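J.: Okay, handing you the structure first.
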Amino acid sequence: MSRLRASIASLSALALAACAVGPDYVAPAPPAAASGPFVAADTPAVSTAPIDQDWWRLYNDPVLDGLVGDALKANTDIRVAVANIAKARAGLKGARADELPQTTLSADPTYGRLPASQRAPGAKREDWSIDAGLDVSYEVDLFGRVRRDVEAAKGDVAAAQYDADAVRVAVVADTTRAYADAASAAARLAVARHIVELLNQSLTLTERRHSAGLANGLDTARIATLRDQRAADVPAIQAERDAALFRLATLTGRAPADLPPIAGERSTTLEITRPIPVGDGQALIARRPDVRAAERRLAAATARIGVATADLYPHISLGASIGSTGTSISDIFGAGPLRWLLGPLISWSFPNQSAARAKIAGARADTQASLATFDGTVLTALRETETALSAYGHDLDRRTALKAAYDQAQHAAVITRAQQHEGAVNSLDLLDAERTFADAQAALADADARIADDQINLFEALGGGWQGPPAQSS
């Protein structure tokens, strides 16, 4: 017994002093150029200040604030992501269970008949027999298989948490976009109806001139055709608005009929009146949850190299068993025969270690793939942000040009209407002026909607919208 105790003590000390096999994880460094300012950020419309955590509040719209809050609470995609976190945590709990002794309690009742030669004197030939026991085993983690497995599971939990943050970012952006699309459609709808109203006025004037013999039927038909063409835009824009509101209902966890009416009351395009804070590349990489999730998956894959490498070495477990066999429960827990065993169990796949080495090679390949995925995610984050910045800046320039064209077209239309009323111009000149003004109005409304969408795309690329607490894997 003293030798056994000494052996157990030696194995325990060795386990405490042992190092985990496999490479120790070192976080990869992103490209040096990625830490500087953004290439496309050289516009007065943005600033290098840190991004606002709740960026949608820059629109100063309480209705939008409430809808985003509803989406974060009830969106079904977020619920799926939260369930995936729970699944990853269950995996971590299972990995940590290997750090503890494993116990098995057994009871095997049987009824049988013994040959007369095997029957003890005075014992029944037919009777119950109950065999019960308790087995305890503990793996001495000499080479860190269990520790690396727990390390990998922690990486999985953190990755799942960052995945959930990425879903929240997308949900916030989609909710804001749906609300913005509905508001922009309402604004475009007002413009389209205003254009139809102006063309109706021009048509009325032309009809009066036709009645007075100052215009012919062709002039009236041309104005009526343009009016009808613009009127056809109204139901199409209305359908776009309805679709945006239906998306908004789904994103906030509602059926379309349950969306509160206030969600569709805004009739002006969303607008931010100050430069948008975008930070820099270094802050982007540290903030984007998809980058952080990729980094945690790389850490988990690296730890699994250690799990596979541990199979090259002996697995040592300490085991103990105690049990008894009797004809009744009282025999087992009373003075019945008691048995016990105590000792180490060593298993080692040696010398044929081809299977273990194949697993190591596979784990290393998985790690290389995870590293490539991380690098690709970083580059994608930079590309998406630069693209969004470029689109936003150029669309603002485009909007400036369209506003100038709108002002000129409006001025020309006013002059032409006055001249046509006085008989100084013919109906073709009025038709051309009205068509130009209608196109300029519609183009400006579309530009405003496009800029609102550019802003949301930029915030989504920046990874804003949900900055929860750091991922916890404990």
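Every read-out reported here was derived from the displayed coordinates using simple, explicitly stated rules and does not represent laboratory data. No experiment lies behind these values; they were computed from the predicted model shown. Methodologically, a virtual Cβ is constructed for each residue, glycine included, from the backbone with ideal geometry; neighbour enumeration extends over all protein chains shown.
J.: Against the 2.2 N^0.38 Å scaling, with N counting residues, where does the stretch 320-451 land? I'd like the Cα-based Rg ratio to two decimal places.
T.: So the Cα radius of gyration is 2.99 times the expected 2.2 N^0.38 Å.
J.: Starting from the Cα coordinates of the stretch 104-203, work out the convex hull volume and express it per residue in Å³.
T.: Value for the stretch 104-203: 258 Å³ per residue.
J.: Starting from 0.36 nm per residue, how many nanometres of slack lie between ASP407 and ASP258 once their C-alpha separation is accounted for?
T.: Additional length available on full extension: 49.5 nm.
J.: Also: In degrees, nearest 10, range 0 to 90: what is the angle between the Cα axis of helix 427-461 and the longest Cα principal axis of the chain?
T.: Relative to the chain, helix 427-461 is tipped by roughly 20 degrees.
J.: Separate question: In the calculated pair distance distribution of the stretch 47-115, what percentage of Cα-Cα distances lie above 13 Å?
T.: Result for the distance tail: 81 percent.
J.: Just the Cα atoms of the stretch 253-390: what Rg and Dmax do they give in Å?
T.: Using the Cα atoms of the stretch 253-390, the pair Rg, Dmax is 30.5, 89 Å.
J.: Length gain on complete extension for the stretch ASN426 to ASP439, per 0.36 nm per residue less the alpha carbon to alpha carbon distance? Before the final figure, lay out each step's value.
T.: On the way: separation 13, 0.36 × 13 = 4.68 nm, distance 2.05 nm.
Taking ASN426 through ASP439 to full extension adds about 2.6 nm, to one decimal.
J.: Let me ask something else. Taking the Cα-to-Cβ direction at GLN53 and at ALA231 and moving 7 Å from each Cα, how far apart do the two end points lie in nm?
T.: Those two pseudo-labels are separated by 5.4 nm.
J.: Something else now. Just rank VAL26, VAL378, fewest to most, by other beta-carbon atoms within 10 angstrom.
T.: VAL26, VAL378
J.: From zero outward in steps of 5 Å, how is the percent of C-alpha pairs of the stretch 169-212 spread across the bins?
T.: Bins of 5 Å from zero give 6, 20, 12, 12, 10, 9, 8, 7, 6, 4, 3, 2, 0 percent of pairs.
J.: If the reach is capped at under 29 angstrom between alpha carbons, list the lysines near LYS93, excluding any in the same chain fewer than eight residues apart.
T.: Within the straight-line limit of under 29 Å, LYS93 reaches these lysines: LYS73, LYS154, LYS359.
J.: While we're here: Which distance in Å, rounded to a whole number, links the C-alpha centroids of the stretch 135-167 and the stretch 384-421?
T.: 58 Å
J.: Can you run phi through the Karplus equation (6.51, -1.76, 1.60; θ = phi - 60°) for the stretch 306-312 and list ³J(HN,Hα) in whole Hz, with x for Gly and Pro?
T.: x, 4, 5, 5, 4, 6, 6
J.: Once the Cα atoms of helix 76-97 and of the chain are each reduced to a long axis, what angle between those two axes, in degrees from 0 to 90 to the nearest 10, is obtained?
T.: Helix 76-97 sits at roughly 20 degrees to that axis.
J.: I would also like to ask the following. Rank the residues PHE38, PHE246 as a footprinting-exposure proxy: fewest other Cβ atoms within 10 Å of their Cβ go first.
T.: PHE246, PHE38
J.: Can you find, among GLY213, PHE437, ALA49, the residue sitting farthest towards the positive end of the charge dipole of the chain, where Lys and Arg contribute +1 and Asp and Glu -1 at Cβ?
T.: Of the listed residues, the answer is ALA49.
J.: Rounded to whole Å and sorted largest first, what semi-axes of the equivalent ellipsoid does the C-alpha gyration tensor of the stretch 122-170 yield via the square root of 5 times each eigenvalue?
T.: Largest first, the stretch 122-170 gives 52, 20, 5 Å.
J.: Something else: Multiplying the sequence separation of ALA361 and LEU379 by 0.36 nm and subtracting their Cα-Cα distance, what value in nm do you get?
T.: Contour length minus Cα-Cα distance gives 3.8 nm.
J.: Sticking with this structure for a sec: Could you let me know the centre-to-centre spacing of the stretch 79-104 and the stretch 232-299, using Cα atoms, in angstrom?
T.: First find each Cα centre; the distance between them is then 34 Å.
J.: Distance in nm between label sites at ALA33 and ASP280, each 7 Å beyond Cα in the beta-carbon direction?
T.: Once both label points are built, they end up 1.7 nm from each other.
J.: Another question, if that's okay. Largest first and in whole Å, give the semi-axes of the chain's equivalent ellipsoid, each being the square root of 5 times a Cα gyration tensor eigenvalue. Display every interim value, and only then the final one.
T.: On the way: eigenvalues 1186, 160, 52 Å².
So the equivalent ellipsoid measures 77, 28, 16 Å along its semi-axes.
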